[in-house]
Amino acid sequence: MKAKWIMAATLAASMSYASQAPMFAADPAPADQPAANADAGAQPADPGAQPADPTAQPGEAGDMDRMFVEKAASGGMLEVATSQLALERAQNDQVKQFAQRMIDDHTKANQELMQVAMDAGFELPKMMTPVHQAMLDELSQLQGQQFERAYTYGQVADHAKMVLKFRDAAHEAQNEAVKQFAAKQLPHLREHLVMAGQLAGIDKELEQAGHGKHGENQGQPAGGAGDAGGAGGAGDAGGAADAGGQGGSK
């Protein structure tokens with residue numbers, strides 16, 4: 001029960017963060033964190049590759065689109081990498097089935113994002129942000145039921161924030177290809193969030209927070225179309241772990 005209330009607080013914090021943070025806010029970048037895996041399949045990256053710039057600040061509208069694309073790419077890598085760990089370490093068959101679904105869906109989304117970035121003239125990062133890498137490193141230290149709980153709660157926290165991030169991009173992105181990509185992925189992310197909430201046993205809390213099967217938080221962007229308010233990406237504003245898990249974005 002305590003864990004459920006912690007998770008509910010995490011979701012509340014995500015919603016609050018969305019109303020206060022600048023659009024597509026950058027992850028804090030710990031200088032001592034290692035680099036991440038390179039591609040949608042979480043294979044080792046080119047040693048000379050550079051991660052997404054975590055200190056970049058949005059200026060023009062195109063900069064905000066670029067930052068969204070970079071963070072979406074890093075978050076997609078994180079989803080695939082953590083779910084590959086879940087296939088290896090989870091004991092619960094439902095968790096494994098969910099993990100395989102995440103690998104399939106996010107790998108496909110990552111591939112589509114590559115084309116979107118190419119069309120928009122953006123260069124995708126080949127490595128995760130340091131924050132996302134730290135989240136993966138922390139999760140990789142766990143085993144058994146402890147791993148399962150961290151993975152499932154982390155999936156809830158991460159997808160709650162991704163829903164907000166993609167919702168804002170679907171309304172406010174200036175590049176049409178980026179906007180269409182965000183709008184296309186949003187229903188899948190909402191479905192993932194509901195699935196993760198059911199696994200974590202907090203689906204009722206999600207419905208109360210507006211992320212349930214029917215509500216799904218389909219309102220206008222948190223900051224409105226005319227201002228800088230928006231959602232942070234997966235991995236933003238929460239560090240490497242919250243609610244006892246990997247999430248806390250991404």
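The values are calculated or read from the model by the stated rules, or taken from the named source; none is laboratory data. Source: prediction; values computed, not measured. For neighbour counting, all protein chains shown are included, and Cβ atoms are generated from backbone atoms with ideal geometry for every residue, glycine included. Side chains are part of the model used for accessible areas, which takes the heavy atoms of the whole protein and leaves out ligands, DNA and RNA. Shrake-Rupley method; radii C 1.70, N 1.55, O 1.52, S 1.80 Å.
Label-to-label distance, residue 101 versus residue 114, with points set 7 angstrom from Cα along the beta-carbon direction: 2.6 nm. Each peptide in 135-141, 195-201 receives the mean, over its residues, of other Cβ atoms within 10 Å, and ordering these scores from highest gives 195-201, 135-141. Counting only the heavy atoms of the protein chains, how much of residue 93 is accessible to a 1.4 Å probe, in Å² to the nearest 10? Estimated to the nearest 10 Å², residue 93 gives 100 Å². Take residue 67: with every protein chain present and a 1.4 Å probe, its accessible area is about 0 Å².
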